[in-house]
Amino acid sequence: MRRARTPGPGRDGTPMTQVTQVTDHGGGVHSIKVPIPDNPLGHTLVHLVDTDRGPVLIDTGWDDPASWDTLTAGLTALGTAVADIHGVVITHHHPDHHGLSGQVREASGAWIAMHEADTAVVRRTRESEPGTWLDYLTRKLAAVGAPEDHLAPLRAARAGGRMRTLPGLRAALPDREIVPGELLDLAGRRLRAVWTPGHTPGHVCLHLEERHPADLPGHGRLFSGDHLLPGISPHIGLYEDPDDMTVTDPLGDYLASLERIGRLGVAEVLPAHQYAFTDAGGRVRELLDHHEERLTGLLALLATPLTPWQLAERMEWNRPWEQIPHGSRSIAVSEAESHLRRLVKLGRAEAVPGGPPVAYIAA
């Protein structure tokens with residue numbers, strides 16, 4: 001199995017591990033902090049796993065020159081290069097995870113693997129006519145009660161042809177499928193795919209079924225993507241497909257996926273953001289409790305009929321509604337809708353006849 005060389009000093013004499021923020025997790029697993037431009041998350045933790053056929057990346061980071069430079073410098077610090085990458089395993093299709101996959105494949109010939117549900121999202125995005133997404137988003141937001149001052153910038157972007165700058169339009173199309181429950185084809189390693197829909201329809205966690213290098217108690221390690229993070233509850237919005245009228249339940253999917261991960265009993269979690277942590281079961285319980293408390297709080301708000309937009313305005317976020325940027329408000333409303341769908345499915349809320357926009361009330 002390939003061994004990473006000890007990094008030498010950078011050009012300014014600083015140890016390369018500090019310059020590129022590389023972490024050795026032991027047992028042939030490393031991570032590189034790849035920056036996300038203009039995002040409070042700060043970075044994506046791109047993991048590198050040594051295999052007998054060469055290094056494999058789990059996620060790649062945002063498609064940005066600074067991100068690419070950081071990724072390649074991190075690989076150099078680990079004694080390898082982007083040209084040596086054998087494969088890329090993607091936890092989910094979001095641009096801070098899948099963005100650089102195409103460049104990695106161009107430089108190395110590596111394969112790219114993703115769950116079929118997220119591959120379908122990538123394919124749909126690449127094949128959509130310009131403006132399709134903004135047209136759909138404008139109609140959808142109007143139907144849930146968004147005010148005109150929120151819709152106007154979307155219409156202006158559509159009219160001005162700026163939709164070609166949306167993330168995901170250049171995302172690489174994967175050439176391998178991640179099959180839930182199966183071991184990935186990684187020579188010398190036991191990495192099993194666990195389907196964890198919720199954050200996206202095809203999100204996967206990856207269970208490294210090997211003894212922990214520090215002999216921590218538990219069953220191996222888990223690359224958790226955005227599914228299980230130590231201090232953040234991931235965004236759970238709607239699964240968007242303009243051509244599919246299926247009423248999905250992303251929050252229900254997420255909660256069921258959390259319980260599935262909790263049963264694994266892993267020794268350590270290696271997430272895509274923040275930092276590695278232990279006690280996955282405890283974190284799962286915290287997130288299950290958090291969402292139950294949030295659903296209960298939303299029922300109190302729904303004592304009177306509210307549209308999804310009005311509900312989002314009243315929900316608790318990490319800042320006051322007035323300070324939330326335009327694009328983040330659209331995401332917040334999607335999360336409000338996912339909670340409403342869960343409440344309706346549980347029989348705890350119902351749609352009020354009339355509209356559009358549609359309104360909901362506690363049942």
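For this structure, a couple of remarks:
- Debye log10 I(q)/I(0) at q = 0.07, 0.08, 0.12 Å⁻¹ for the chain, Cα point scatterers: -0.32, -0.42, -0.93
- FRET efficiency, residue 331 to residue 260 (Cβ-Cβ, R0 22 Å, nearest 0.05): 0.30
- Förster radius 25 Å - calculated FRET efficiency between residue 248 and residue 350 (Cβ-Cβ, nearest 0.05): 0.85
- Ligands, DNA and RNA left out, the accessible area of the chain computed with a 1.4 Å probe is 51% carbon and sulfur.
- For the stretch 297-362, the alpha-carbon radius of gyration amounts to 1.08 times the rule-of-thumb value 2.2 N^0.38 Å expected for a compact globular protein.
- The average projected area of the stretch 100-256, computed from the convex hull of its Cα atoms over all directions, is 12.4 nm².
- Sites residue 170 and residue 136 - FRET efficiency at Förster radius 22 Å, r taken between beta-carbons, to 0.05: 0.65
- Cα-Cα pairs of the stretch 156-245 separated by more than 20 Å (percent): 56 percent
- Spin-label model, residue 321/residue 362: points 7 Å from Cα along the beta carbon direction are separated by 1.8 nm.
- The stretch 223-250 and the stretch 287-319 have Cα centres spaced 17 Å apart.
- Of 309, 62, 317, the one that fluctuates the most in a GNM where the chain has Cα springs shorter than 10 Å: 317
- Between residue 210 and residue 127, the contour length at 0.36 nm per residue exceeds the alpha carbon distance by 25.9 nm.
- Relative contact order of the chain, defined on C-alpha pairs under 8 angstrom at six or more residues apart (%): 13 percent
- The chain, dipole about Cα centre (Lys/Arg Cβ +1, Asp/Glu Cβ -1), debye to the nearest 20: 220 debye
- For the chain, built as a Gaussian network whose Cα springs stay under 10 Å, the top-fluctuating residue of 251, 340, 301: 301
- Stretching the chain fully between residue 106 and residue 155 yields a gain of 14.1 nm (0.36 nm per residue, less the alpha carbon separation).
- Span-like helix criteria (full DSSP H runs; alpha carbon extent of at least 15 Å along the helix axis; mean Kyte-Doolittle hydropathy of at least 0.0) are satisfied in the chain by 65-77, 250-262.
The values are calculated or read from the model by the stated rules, or taken from the named source; none is laboratory data. Quantities reported herein were computed from a predicted structural model and do not represent experimental measurements. Glycine also receives a Cβ, built like all others from the backbone with ideal geometry; neighbour counts cover every protein chain displayed. Just so you know, the surface numbers come from the protein's heavy atoms only, side chains and all, with ligands and any DNA or RNA stripped out. Shrake-Rupley method; radii C 1.70, N 1.55, O 1.52, S 1.80 Å.
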